[in-house]
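K.L.:
The following block contains the structure, expressed as structure tokens.
The values are calculated or read from the model by the stated rules, or taken from the named source; none is laboratory data. Remember, predicted model here, so these are calculated numbers, not experimental data. Cβ placement follows ideal geometry from the backbone for every residue including glycine, while neighbour counts extend to all protein chains displayed. To get the accessible areas, we keep the full protein, side chains included, count just its heavy atoms, and leave off ligands, DNA and RNA. Shrake-Rupley method; radii C 1.70, N 1.55, O 1.52, S 1.80 Å.
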Amino acid sequence: MASSTVRINLDGKPINPLTILMIGAGGFIGSHLCEKILNETPHKILALDVYNDKIKHLLESDSLKWAGRIQFYRINIKHDSRLEGLIKMSDLTINLAAICTPADYNTRPLDTIYSNFIDALPVVKYCSENAKRLIHFSTCEVYGKTIGSFLPKDSPLRQDPAYYVLKEDTSPCIFGSIEKQRWSYACAKQLIERLIYAEGAENGLEFTIVRPFNWIGPRMDFIPGVDGPSEGVPRVLACFSNALLRREQLKLVDGGVSQRTFVYIKDAIEAVLLMIENPDRANGHIFNVGNPNNEVTVRQLAEMMTEVYSKVSGEPALEQPTVDISSKEFYGEGYDDSDKRIPDMTIINKQLGWNPKTSLWDLLDSTLTYQHKTYAEAIKKRGLHVLARYLVTAGKCCINFVKRDAGAFTDLEPDNVGFKIC
Ligand SMILES: NC(=O)c1ccc[n+]([C@@H]2O[C@H](COP(=O)([O-])OP(=O)(O)OC[C@H]3O[C@@H](n4cnc5c(N)ncnc54)[C@H](O)[C@@H]3O)[C@@H](O)[C@H]2O)c1
Ligand SMILES: O=c1ccn([C@@H]2O[C@H](COP(=O)(O)OP(=O)(O)O[C@H]3OC[C@@H](O)[C@H](O)[C@H]3O)[C@@H](O)[C@H]2O)c(=O)[nH]1
């Protein structure tokens, strides 16, 4: 519940109610950030996105306690004349809009570059020209590969943090060759960071840049064939959740040797709210937002998710829960990878006093509980439905489709048919 008492920031200054333009509010991070702002602050949100299914629960009824503090605008920032006016109406613009699933970077490089650089240009321009504050979402991927990854495999220096800890103001950005089009995303993000930084240096733009380190939690991406395209390839959490839900093997790209640190979305948006409400401490800064204590290889993540899902679902794991697959087969030509992503936390600790709280096991427990509750039934129905169609077309038996409503047989959606084998 939004408090009615005057809220103060880290420097003891009163926090005045803000109007926040959130571009990409309908996405994974945006939906959690909207919830937090509406539940804990008096701020108003102009939620801009092409989709709103992940924030529908915040928009539905005027009876909601935050009614009137969130308005949704179905806008594609690629070509919409309303963008500048909305930026002018707001005290702060947060830009989350991006194509940010690795399966797109090497297969849709032009769209990826346009989305992460070209389309962000007007947002930066309008904020700078109208002296409006900007919080821009970049990525930990701008660091690319660690320096240590170029050392000989047996070099002891690989164990030296100086060769792998990623620090905002000192670490280089190291990408693969141009043919490795995976890096189209990271390079576009790097260039928009540099443009924002230059707008700050030359024109006084008040900016904060966020580099998320694998934020995960409920509502991340989609489950292919349920709330996203069957042929879609989401990020690893949704890929692995999809396999677990369907009792299929989890695919380990190139053996799952890459390492990642994962942070719970609920911890991460706490850091963003601190940035929003402490402009004197956040303006002009780039922040790593991640959890250095949650490092695993992708293989270890798969094993942990398998164990947690077995506990959550009550179903035994597969005999062989994982299978290796080459990146070429899984992602196609031009894929490349970050070897390791450990965030240095010095700057965010000093400026905002933020630290993540949730262990990887606990965040996977709450996330897979959500996934199982949300998707298991739908997937089971679709599975039976597909089986029924197969049996009928294969002439194995006749099946009486028992319609649950009076609709025509054309709408044989799993939700409204039951069947019995005669
Ligand atoms: N989730 C993470 O771990 C992570 C890690 C690093 C960086 N990021 C960055 O954080 C931001 C948000 O990521 P997310 O995980 O919420 O992704 P997401 O895909 O769930 O959300 C992005 C949202 O932006 C919207 N969008 C994209 N192009 C748009 C356009 N032209 N006009 C209007 N809306 C548009 C999409 O519809 C989507 O709702 C992205 O910039 C991403 O690069 C996220
Ligand atoms: O089914 C899968 C999916 C993914 N993976 C591997 O899991 C690792 C993580 O893959 P993700 O799809 O989550 O994406 P990455 O961590 O590489 O980058 C992501 O995090 C940083 C953000 O900028 C973006 O949202 C995205 O680029 C990669 O090594 C990938 O190859 C698998 O082994 N199997």
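K.L.:
Would you be able to say whether some residue in segment 143-155 is closer than 21 Å to Glu199 by Cα, within 15 Å of ligand 1 (Cβ to nearest atom), open to solvent by less than 50 Å² (accessible area, probe 1.4 Å) and within 23 Å of the chain's Cα centre (by Cα)?
P.N.:
Taking segment 143-155 as the starting set, the residues that turn out to be closer than 21 Å to Glu199 by Cα are none.
So far as segment 143-155 goes, no, none of its residues is closer than 21 Å to Glu199 by Cα, within 15 Å of ligand 1 (Cβ to nearest atom), open to solvent by less than 50 Å² (accessible area, probe 1.4 Å) and within 23 Å of the chain's Cα centre (by Cα).
K.L.:
Sticking with this one: For segment 98-197, give me every one of the helices (runs of 4 or more DSSP H) that falls completely inside it and has 1 or more residues that are farther than 30 Å from Glu277 by Cα.
P.N.:
Details: elements: 102-105, 109-116, 121-129.
Correct list: 102-105, 109-116.
K.L.:
Now a separate question. Does Glu333 meet the test of being exposed (fewer than 13 other Cβ atoms within 10 Å of the Cβ), free of Cβ contacts under 8 Å to residues at least 24 places away in the same chain and more than 16 Å from Lys167 (Cα to Cα)?
P.N.:
Values: exposed (fewer than 13 other Cβ atoms within 10 Å of the Cβ): yes; free of Cβ contacts under 8 Å to residues at least 24 places away in the same chain: no; more than 16 Å from Lys167 (Cα to Cα): yes.
The answer is no for Glu333.
K.L.:
Within segment 404-415, is even one residue touching a strand residue (DSSP E or B) at 6+ places or on another chain (Cβ under 9 Å), among the polar types (S, T, N, Q) and modelled with pLDDT under 95?
P.N.:
no
K.L.:
When segment 1-27 is examined, which residues are found to be in a loop (DSSP other than H, G, I, E, B) and within 16 Å of ligand 1 (Cβ to nearest atom)? Lay out the reasoning, then the answer.
P.N.:
Initial filter on segment 1-27 (in a loop (DSSP other than H, G, I, E, B)): 1-7, 9-13, 15-18, 24-27.
Once the filter is applied, which keeps residues that are in a loop (DSSP other than H, G, I, E, B) and within 16 Å of ligand 1 (Cβ to nearest atom), segment 1-27 yields Gly24, Ala25, Gly26, Gly27.
K.L.:
Before we move on, is Leu166 open to solvent by less than 20 Å² (accessible area, probe 1.4 Å) and either out of contact with any Ser or Thr (no Cβ under 6 Å at 6 or more places or on another chain) or at pLDDT 95 or above (or both)?
P.N.:
Values: open to solvent by less than 20 Å² (accessible area, probe 1.4 Å): yes; either out of contact with any Ser or Thr (no Cβ under 6 Å at 6 or more places or on another chain) or at pLDDT 95 or above (or both): yes.
Spelling it out, Leu166 is indeed open to solvent by less than 20 Å² (accessible area, probe 1.4 Å) and either out of contact with any Ser or Thr (no Cβ under 6 Å at 6 or more places or on another chain) or at pLDDT 95 or above (or both).
K.L.:
Would you please name the residue that is nearest to ligand 1 (Cβ to nearest atom), looking only at residues in segment 321-338 that are part of a loop (DSSP other than H, G, I, E, B), out of contact with any strand residue (DSSP E or B) (no Cβ under 7 Å at 6 or more places or on another chain) and not polar (S, T, N, Q)?
P.N.:
Only one residue fits best here, namely Asp337.
K.L.:
Identify the residue in segment 55-66 that is more than 13 Å from Asn39 (Cβ to Cβ) and free of Cβ contacts under 8 Å to residues at least 12 places away in the same chain and, among all such residues, is surrounded by the most Cβ atoms within 10 Å (Cβ to Cβ).
P.N.:
Lys56
K.L.:
Consider Leu318 against the criteria (1) surrounded by 18 or more Cβ atoms within 10 Å (Cβ to Cβ); (2) not in a strand (DSSP E or B): it satisfies all of them except one. Which criterion is unmet?
P.N.:
The one condition Leu318 does not meet is (1).
K.L.:
Please go through (1) over 17 Å from Thr93 (Cα atoms); (2) in contact with a strand residue (DSSP E or B) (Cβ under 7 Å, 6 or more places away or on another chain); (3) in contact (Cβ under 8 Å) with a residue 60 or more places away in the chain for Ile8 and return the number of the only condition it doesn't satisfy.
P.N.:
It is condition (3) that Ile8 fails.
K.L.:
Okay, next question. So which pairs qualify, if the first residue must be in segment 207-232 and in contact (Cβ under 8 Å) with a residue 24 or more places away in the chain and among the aromatic types (Phe, Trp, Tyr), the second must be within 13 Å of ligand 2 (Cβ to nearest atom) and open to solvent by 40 Å² or more (accessible area, probe 1.4 Å), the Cβ gap must be under 6 Å, and the two must be at least 6 apart or on different chains?
P.N.:
none
K.L.:
While we're on this one: Restricting to segment 28-51, name every residue that is open to solvent by 20 Å² or more (accessible area, probe 1.4 Å) and not in a strand (DSSP E or B).
P.N.:
Just the residues of segment 28-51 that are open to solvent by 20 Å² or more (accessible area, probe 1.4 Å), to begin with: 29, 35-36, 39-40, 42, 44, 49-51.
Within segment 28-51, Ile29, Glu35, Lys36, Asn39, Glu40, Pro42, Val50, Tyr51 meet the criteria.
K.L.:
I'd like to verify a number: residues in segment 69-112 that are more than 14 Å from ligand 1 (Cβ to nearest atom) and of a type in the set (Asp, Glu), how many?
P.N.:
So the answer is 2.
K.L.:
Given the conditions (1) within 18 Å of Thr261 (Cβ to Cβ); (2) open to solvent by less than 20 Å² (accessible area, probe 1.4 Å); (3) of a type in the set (Ser, Thr, Tyr), and given that Tyr309 satisfies all but one, which numbered condition is not satisfied?
P.N.:
Against the list (1) within 18 Å of Thr261 (Cβ to Cβ); (2) open to solvent by less than 20 Å² (accessible area, probe 1.4 Å); (3) of a type in the set (Ser, Thr, Tyr), Tyr309 comes up short only on (1).
For (1) more than 16 Å from ligand 2 (Cβ to nearest atom); (2) of a type in the set (Phe, Trp, Tyr); (3) in contact with a strand residue (DSSP E or B) (Cβ under 9 Å, 6 or more places away or on another chain), each residue gets a yes or a no:
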position: Ile23; (1), (2), (3): yes, no, yes
position: Asp53; (1), (2), (3): yes, no, no
position: Leu58; (1), (2), (3): yes, no, yes
position: Ser63; (1), (2), (3): yes, no, no
position: Tyr73; (1), (2), (3): yes, yes, yes
position: Ala98; (1), (2), (3): no, no, yes
position: Asp104; (1), (2), (3): no, no, no
position: Leu110; (1), (2), (3): yes, no, no
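K.L.:
Please report, ordered by residue number, the helices (runs of 4 or more DSSP H) entirely within segment 198-292 with at least 2 residues that are open to solvent by less than 40 Å² (accessible area, probe 1.4 Å) and within 16 Å of ligand 2 (Cβ to nearest atom). If you could, list the steps in order and put the result at the bottom.
P.N.:
Values: elements: 236-245, 265-277, 279-282.
Of the helices (runs of 4 or more DSSP H) lying wholly inside segment 198-292, those with at least 2 residues that are open to solvent by less than 40 Å² (accessible area, probe 1.4 Å) and within 16 Å of ligand 2 (Cβ to nearest atom) span 236-245, 265-277.
K.L.:
Just to check your reading of the model, which residue among Ser366, Ser327, Ser338 is over 26 Å from Gly148 (Cα atoms) and either open to solvent by less than 50 Å² (accessible area, probe 1.4 Å) or among the polar types (S, T, N, Q) (or both)?
P.N.:
Values: Ser327 fails: over 26 Å from Gly148 (Cα atoms); Ser338 fails: over 26 Å from Gly148 (Cα atoms).
After ruling out the rest, the residue left standing is Ser366.
K.L.:
Which residues, counting only those in segment 296-305, are surrounded by fewer than 19 Cβ atoms within 10 Å (Cβ to Cβ) and touching a Phe, Trp or Tyr at 6+ places or on another chain (Cβ under 9 Å)? Spell out how you get there, then give the answer.
P.N.:
Step one: list which residues in segment 296-305 are surrounded by fewer than 19 Cβ atoms within 10 Å (Cβ to Cβ), which gives 296-297, 299-300, 303-304.
Result: Val296, Met304.
K.L.:
Return only the number of the condition from (1) within 28 Å of Val226 (Cα to Cα); (2) over 21 Å from the mean Cα position of the chain (by Cα) that Ser90 does not satisfy.
P.N.:
Among (1) within 28 Å of Val226 (Cα to Cα); (2) over 21 Å from the mean Cα position of the chain (by Cα), Ser90 violates only (1).
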